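Contents: one structure, followed by commentary.
No lab work stands behind these numbers, since they all come straight from the coordinates. Predicted model, so just to flag it, every value in this text is computed and none were measured. In this analysis, Cβ positions are derived from the backbone assuming ideal geometry, glycine residues included, and neighbour counts consider all displayed protein chains.
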Amino acid sequence: MNFIPSNIFTWQNLANLVDILVVWYVLYKVLSMIRGTKAVQLLKGIVVIFLIKLISWVLNLHTVSFLMDQLINWGIIVIVIIFQPEIRRGLEHLGRLPLFSSTSNEEGKTKNHLIESLDQAIQYMSKRRIGALITLEMNTGLEEYVETGIDLDAEVTGALLINIFIPNTPLHDGAVIVRKNRISVAAAYLPLSESNTIPKELGTRHRAAVGISEVTDAITIVVSEETGGVMITRNGHMMLDLTREEYLKYLHAQLADSSNESSRSLFDVFSIHRGRGKQNEKDNK
């Protein structure tokens, strides 16, 4: 009678558990990466094809099963071509992991440069009441909206942002989308929100900013053409009439830590602050 140590089964079970967790984590990261892009619809199509294959196998539909086999076999090449932007973005994301990246100081300098450039542009446009709409891509991909804009792929500078939004210029109408700390496109179209909570005095730029915040986790900055006021939206929340100190505090916090919990807490603070301000104005009247 052979004796097999029980710890072998323990290690095997542990290995199986790690294997399952790794697969689920990879699937989660892939779904997070393609969320908010056209790849989601393509993924649904792939699921439908596999369901048809399964049904044809159960019902012995040989011709349908053969066609599905051919489609699946050749589909791998098609998927690589169609999902090229997502695959490239995923590999770039792996390359930015601490294992491959240089020091975190360089990333911090890049973030500070981005915030300084945004601040320079916001201050200039706010004082002169130049309307602006700037969206910063966070975790959710914005490829669907990038495709609607005009490619720039330029370094973010205050002067460039100001020039883009100068009235009656070719790029001023629409949104600037910033990806990976660079201006990806200008004159991009964002989805308009139909929410009834948006004040009626706010225009199309503000509705577009709320709209993109309802379907992605992007941070969007709006400079009002009518009042020069600054608004930031994220995750369906609005922060209206921000001071320079307030929006700088928020940008520093979010670009350093883009977690939802941090976002929610800061939005709550600003909402309470703004609510009290409006109430005080009513009381004074």
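The table for this structure:
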item: Stretch gain in nm, segment ARG129-ALA159, where the contour uses 0.36 nm per residue and the Cα spacing is subtracted; result: 9.2 nm
item: Rounded, prolate or oblate (a/c below 1.5 giving rounded, otherwise prolate when a/b exceeds b/c) for the stretch 130-223 by Cα gyration tensor; result: oblate
item: Difference of contour (0.36 nm per residue) and Cα-Cα distance, ILE150 to ILE52; result: 31.3 nm
item: Residue list for the stretch 132-156, given a label point 7 angstrom along the Cα-to-Cβ vector of ASN181 and an amide N cut-off under 17 Å; result: 136-139, 153-156
item: Segments 45-52, 201-208, 147-154, 179-186 sorted - mean Cβ within 10 Å per residue, highest first; result: 179-186, 201-208, 147-154, 45-52
item: Residues whose placed amide H lies under 5 Å from that of GLY149, excluding near-sequence neighbours; result: TYR189
item: Long-range amide H partners of GLY174 with built H, under 5 Å; result: none
item: Karplus-derived 3J(HN,Hα), 6.51/-1.76/1.60, for each residue of the stretch 25-30, Hz, glycine and proline x; result: 5, 4, 4, 4, 5, 5
item: Relative packing of peptides 10-19, 243-252 - highest average C-beta neighbours within 10 Å first; result: 243-252, 10-19
item: Phi-based couplings in Hz for the stretch 135-140 (Karplus 6.51, -1.76, 1.60; Gly and Pro marked x); result: 10, 9, 5, 10, 8, 7
